[in-house]
Amino acid sequence: MRAHRLEDFDAMLAMWQDEVIVRHITGRPSTSNETWSRLLRYIGHWHSLGFGYWVIEDRETGLYLGEAGFADFHRDMDPPLGSAPEAGWAIVSASHGRGLATEAMQAAHAWIDAHGTHGQTVCILAPEHAASIRVAEKCGYAHAYDTNFAGGLTSVMKRARPSA
């Protein structure tokens with residue numbers, strides 16, 4: 001895992017335009033403009049908040065495989081998520097089923113547990129997205145409540161920071 005770079009744009013755009021990827025997230029492929037804003041937002045999180053997303057790349061080839069990490073998107077939700085970092089991940093569809101999301105998020109959680117100051121992290125998922133729910137559960141998340149977000153039912157899961 002490594003920091004995002006402007007050179008990641010084309011690979012990100014391809015991933016975020018893949019209907020398999022966006023089906024349970026936005027429900028539609030991202031535009032070039034939306035992906036560019038996403039890339040800049042990821043870079044800005046590190047500068048402004050001290051946490052953010054990493055690029056997941058193949059150790060041998062350097063190929064872009066997805067992204068994972070934490071953000072504060074100030075989502076318009078009721079109840080609000082608050083200041084807890086929101087975990088998220090997306091893996092290019094050609095690499096699904098290899099355990100990459102779990103591996104990356106376990107590494108991300110180890111990092112935020114060691115460096116973060118928040119008592120918990122949260123994640124939001126479409127209730128029908130069984131694969132991502134399994135990833136969240138493997139990382140220690142438990143279902144907290146359901147709410148409506150962006151026009152659909154959304155499950156909010158929470159994970160307490162382990163005691164040192």
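The values are calculated or read from the model by the stated rules, or taken from the named source; none is laboratory data. The structure presented is a predicted model; accordingly, all values stated were derived computationally and were not measured. Cβ atoms come from the backbone with ideal geometry, glycine included; neighbour counts cover every protein chain shown. For accessibility, only protein heavy atoms count, side chains too; no ligands or nucleic acids. Shrake-Rupley method; radii C 1.70, N 1.55, O 1.52, S 1.80 Å.
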Inset, instruction - Within region 85-92, identify whether any single residue is aromatic (Phe, Trp, Tyr), under 25 Å from ASN148 (Cβ atoms), touching a strand residue (DSSP E or B) at 6+ places or on another chain (Cβ under 7 Å) and outside any strand (DSSP E or B), and answer yes or no. - result: no
Inset, instruction - Taking the residues in region 102-130 that are in contact with a helix residue (DSSP H, G or I) (Cβ under 8 Å, 6 or more places away or on another chain) and part of a helix (DSSP H, G or I) as candidates, determine which candidate is surrounded by the most Cβ atoms within 10 Å (Cβ to Cβ). - result: MET105
Inset, instruction - For region 77-100, enumerate the residues that are open to solvent by 40 Å² or more (accessible area, probe 1.4 Å) and aliphatic (A, V, I, L, M). - result: ALA94
Inset, instruction - Within region 56-69, work out how many residues are assigned to a strand (DSSP E or B) and either touching a helix residue (DSSP H, G or I) at 6+ places or on another chain (Cβ under 6 Å) or without any contact (Cβ under 8 Å) to a residue 40 or more places away in the chain (or both). - result: 5
Legend entry - Subset of region 70-86 [without any contact (Cβ under 8 Å) to a residue 40 or more places away in the chain and hydrophobic (A, V, I, L, M, F, W, C)]: ALA71, PHE73
Inset, instruction - Identify all residues within region 1-42 that are among the aliphatic types (A, V, I, L, M), surrounded by 17 or more Cβ atoms within 10 Å (Cβ to Cβ) and in a helix (DSSP H, G or I); write none if there are none. - result: ALA11, MET12, LEU13, MET15, ILE21, LEU39
